[in-house]
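Contents: one structure, followed by commentary.
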Amino acid sequence: MLQNPLNCPSVFNPLFDAESVNERLDTAPVIRMAGVLVEAMRGKGIRLTGKGNLPLKHVKAMIDAGGASVVAPMARYSPIRSEEHVLAVILTRVLLEIAGYTKKQKGVLSLKKTAETRLEKKGWLMLYRDLLSTALTRLSWASMDHYQGLEGVRYTAPFCFWLLSQKGDEWRPVDEYLDDMLRAFPGSHLPPTRWST
């Protein structure tokens with residue numbers, strides 16, 4: 001489970017109905033945002049800003065695709081001026097890069113030919129699995145949250161999936177899940193949550 005969480009039968013059913021999953025895949029904001037970004041990169045790619053960020057029109061297109069109330073709720077209070085203001089956009093772009101779908105060259109973000117072929121042959125479900133696997137095993141969550149010591153999420157996230165597979169059939173208080181986490185990882189120092197007492 002810890003080494004290859006997506007290939008752990010006790011957490012993920014390997015015999016899922018791919019057609020059924022594909023029908024629901026477009027409900028995931030990360031997939032809708034990735035789709036907008038992938039389409040924009042086809043051909044010549046996207047010229048990045050001087051700071052290496054996506055241009056604002058692409059950021060706004062990704063926010064619209066993901067659903068502003070979900071991926072950029074703070075936009076109600078202040079305007080989005082840069083990719084740096086929207087964690088969901090940054091996360092989508094970084095996951096695509098780490099998963100090997102994109103490359104940056106001479107200030108241009110482009111879709112790799114191998115990734116384009118992979119998408120054509122295997123579809124968006126494979127991209128979703130690649131992004132989820134990358135988020136669980138290769139992404140440095142500590143750098144995303146600027147919280148040193150959060151690297152442990154690489155080990156606790158698969159455990160969370162297992163917990164949900166065991167207990168997710170009914171609503172339970174967050175504290176119950178936290179207690180399970182602390183029992184499973186007694187030496188860990190989970191960051192305090194707003195639900196902690």
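The values are calculated or read from the model by the stated rules, or taken from the named source; none is laboratory data. Every value quoted in this text rests on a predicted model; they were computed, and no experiment measured them. Here Cβ is always computed from backbone atoms with ideal geometry, including for glycine, and neighbour counts include all displayed protein chains. Accessible surface is based on the protein model in full, side chains and every heavy atom, while ligands, DNA and RNA are left aside. Shrake-Rupley method; radii C 1.70, N 1.55, O 1.52, S 1.80 Å.
Could you give the accessible area per residue of the stretch 37-91, probe 1.4 Å, as a whole number in Å²?
Heavy-atom accessible area per residue stands at 57 Å².
Identify, among ALA34, LEU125, VAL108, the residue whose Cα sits farthest towards the positive end of the charge dipole of the stretch 31-146, taking +1 on the Cβ of Lys and Arg and -1 on the Cβ of Asp and Glu, with the dipole about the Cα centre.
VAL108
Could you pull out every one of the lysines with an alpha carbon less than 30 Å from that of LYS104, ignoring same-chain neighbours closer than 8 positions?
Of all the lysines, those that pass the test against LYS104 - Cα under 30 Å, at least 8 places apart if same chain - are LYS44, LYS51, LYS57, LYS60, LYS112, LYS113, LYS121, LYS122.
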